[in-house]
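Novice: One structure, as structure tokens, below. Some questions next.
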Amino acid sequence: MLNAANWTGRLRELATKARVPGATLGIWSDGQEVVAACGVLNRGTQVAVTGDSLFQIGSITKIWTGTMIMQLVDEGLLSLDATIADVLPGIRLGAADVGGQVTVRHLLTHTSGVDGDIFTDTGRGDDCVERYVDELAGAASIFPPGAAYSYSNSGFVLLGRIIEVLDGQSWDESLRARLTGPLALTQTVTLPEEAILHRAAVGHHGSGVPVQVWGLPRSIGPAGLITATASDLLAFARLHLDGGIAPDGKRLLSEASVSAMQQAQVAIPEFSAPGAAIGLGWRLGRWDDRMIVGHDGDTVGQSAYLRIDPQARLAVCLLTNTAESESLFRKLFNEVFGSLAGVTMPAVPRPLGAPGGTAAAEASGAAEASGAGDALGAEPGLEELAGRYERTSRQLDVSVRDGRLHVLVTVTGKLADLVDSEPEELVLHPSDSSGRQFVLRSHDDGPWAPLSFGQLADGPPYIYVSGRVTPRVRAA
């Protein structure tokens, strides 16, 4: 039996330690649901978080978009191997116009190669997604379609446009008709004027100060614009636990499509998570001997997490109004999954020789080399790695000082306007003996994040961090 009071108390205790302003925890297990809440929606107003509070779920939206794409596949209106040129004729994709090579499957698996963090605001009208896609004519291609994995928001906006064209309506309307309506999700919205009719959370900077921009542009909708309660998110997760059948018994997605979405398509080259892969939208990770599916989401000062254990029939979500909640997520989900499913997530990567070890990183070095391209040779000199690495929205300047690698991280372009971020210099600590795998963190009590260096076949050296390939544009 799930004990609501126990989980509420534990959430409150851990969120306080992690300095998270407000959060909701949702657990569905064995036919039982518990939603716990703590903290405040906005430190400026001090309005309390309740179980029916809405939070931005960010990129978890991609699973909803992916589900609608698979519905279109079920209906015979779309093929996973159709190209963008097939389904969106006349659209130019990138300067090299790769629309005839990029497929729907490439977009679902983040392997299109199209630069992914393009946050162009194309207005509030129902044509905003169409206008966004039109502007992808100038997008860069980081690598040839299918050559590597690199997380792409723009790819899922493209998928949203495919839904719009085939359904003959806006992505938001398709979402209501295909998912939120049939699932009776009355507290799931996409627009701020809808969110303010509910108890909606406001994002916070790491300092705890409320953000000045509430959400992402509407044009990013299919990649990250859903705002929902924990209970509604769990109801969506149950659709995927129940083989595509809604609570009223109506089939919304074929069992074959549910299964395909949860099957590994491409390895994710994350040395800190051996065995990680991308399905058709879902991210797959091995926790002990179990495959867990899920997705995270980050917006302007808010972050969300969803994990499903199909074998244990367990779904858990955490919604927070801060961008710095990973430590809370890890502690809380380890406790929930440990007690209800008997599994825990892989250990975080650590510097070489640090307590907690890097055995997993050592073992996975060769595997990563094949995941995102051909790796640099063994043990490159630090100077060989220095230089500027750049893609849309991010600039990484790597230098060597006092025998150590440093990286200056700068948010650029439209994203910089949204997040109000200052450049941050971080030290790279070796995570294994290869000279290619490192860890970094923003503050001493924060979680370590993995970063690796490699080189694409017939391409430039790159940094792989935060799920993205960032090519070097200039050597030191």
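Novice: What single numbered condition from (1) surrounded by fewer than 19 Cβ atoms within 10 Å (Cβ to Cβ); (2) within 22 Å of residue 69 (Cα to Cα) fails to hold for residue 133?
Specialist: Failed condition: (1).
Novice: Separate question: Just to verify a result, which residue in segment 107-127, among those that are over 18 Å from residue 393 (Cβ atoms) and either among the basic types (Lys, Arg) or in contact with a strand residue (DSSP E or B) (Cβ under 9 Å, 6 or more places away or on another chain) (or both), is most open to solvent (accessible area, probe 1.4 Å)?
Specialist: 124
Novice: Identify, please: which residue in segment 5-32 is touching a Leu at 6+ places or on another chain (Cβ under 9 Å) and among the β-branched types (Val, Ile, Thr) and is, among those, surrounded by the fewest Cβ atoms within 10 Å (Cβ to Cβ)?
Specialist: Applying the filter and picking the extreme gives 8.
Novice: Taking segment 74-106 as the region of interest, how many residues are open to solvent by less than 30 Å² (accessible area, probe 1.4 Å) and not polar (S, T, N, Q)?
Specialist: Going through segment 74-106 one residue at a time, the tally reaches 12.
Novice: Same structure again: Could you list, ordered by first residue, the pairs with Cβ atoms under 8 Å in which the first is in segment 303-317 and polar (S, T, N, Q) and the second is part of a loop (DSSP other than H, G, I, E, B) and crowded, with 24+ Cβ neighbours inside 10 Å, at least 6 apart or interchain?
Specialist: 303/322; 303/325
Novice: Tell me yes or no: at least one residue of segment 33-42 is part of a loop (DSSP other than H, G, I, E, B) and open to solvent by 40 Å² or more (accessible area, probe 1.4 Å).
Specialist: no
Novice: Among (1) buried (at least 22 other Cβ atoms within 10 Å of the Cβ); (2) among the hydrophobic types (A, V, I, L, M, F, W, C); (3) touching a helix residue (DSSP H, G or I) at 6+ places or on another chain (Cβ under 9 Å); (4) modelled with pLDDT under 95, which single condition is residue 142 missing?
Specialist: (3)
Matching residues to (1) touching a Gly at 6+ places or on another chain (Cβ under 9 Å); (2) buried (at least 19 other Cβ atoms within 10 Å of the Cβ); (3) farther than 21 Å from residue 469 by Cβ:
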| position | (1), (2), (3) |
| --- | --- |
| 385 | yes, yes, no |
| 388 | no, no, no |
| 393 | yes, yes, no |
| 399 | yes, no, no |
| 403 | no, no, yes |
| 406 | no, no, no |
| 412 | no, no, no |
| 416 | no, no, no |
| 424 | no, no, no |
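Novice: Here is a further query. So, in segment 284-300, how many residues would count as being open to solvent by 10 Å² or more (accessible area, probe 1.4 Å) and within 30 Å of residue 42 (Cβ to Cβ)?
Specialist: 3
Novice: Can you run down the residue pairs with Cβ atoms below 6 Å, 6 or more apart or on separate chains, where the first is in segment 238-250 and over 16 Å from residue 314 (Cα atoms) and small (Gly, Ala, Ser) and the partner is modelled with pLDDT of 95 or more and open to solvent by less than 50 Å² (accessible area, probe 1.4 Å)?
Specialist: From segment 238-250, the pairs are 246/182; 246/183; 246/252.
Novice: Now for a different question. Looking at segment 391-446 only, could you name the residues that are acidic (Asp, Glu), more than 30 Å from residue 219 (Cβ to Cβ) and in a strand (DSSP E or B)?
Specialist: Correct list: 425 only.
Novice: Of the conditions (1) touching a helix residue (DSSP H, G or I) at 6+ places or on another chain (Cβ under 8 Å); (2) touching a residue at least 60 places away in the same chain (Cβ under 8 Å), residue 41 satisfies every one except a single condition; which number is it?
Specialist: (1)
Novice: Mind checking which pairs have a first residue in segment 448-468 that is at negative phi and part of a loop (DSSP other than H, G, I, E, B) and a second that is β-branched (Val, Ile, Thr) and open to solvent by less than 20 Å² (accessible area, probe 1.4 Å), Cβ under 6 Å, 6 or more apart or different chains?
Specialist: Going by the 6 Å Cβ cut-off, the qualifying pairs are 448/439.
The values are calculated or read from the model by the stated rules, or taken from the named source; none is laboratory data. Note that the coordinates shown come from a computational prediction; the quantities given were computed from them, not determined experimentally. Note that we place each Cβ from the backbone using ideal geometry, even for glycine, and neighbour counts take in every protein chain shown. Heavy atoms of the whole protein, side chains included, go into the accessibility calculation; ligands, DNA and RNA do not. Shrake-Rupley method; radii C 1.70, N 1.55, O 1.52, S 1.80 Å.
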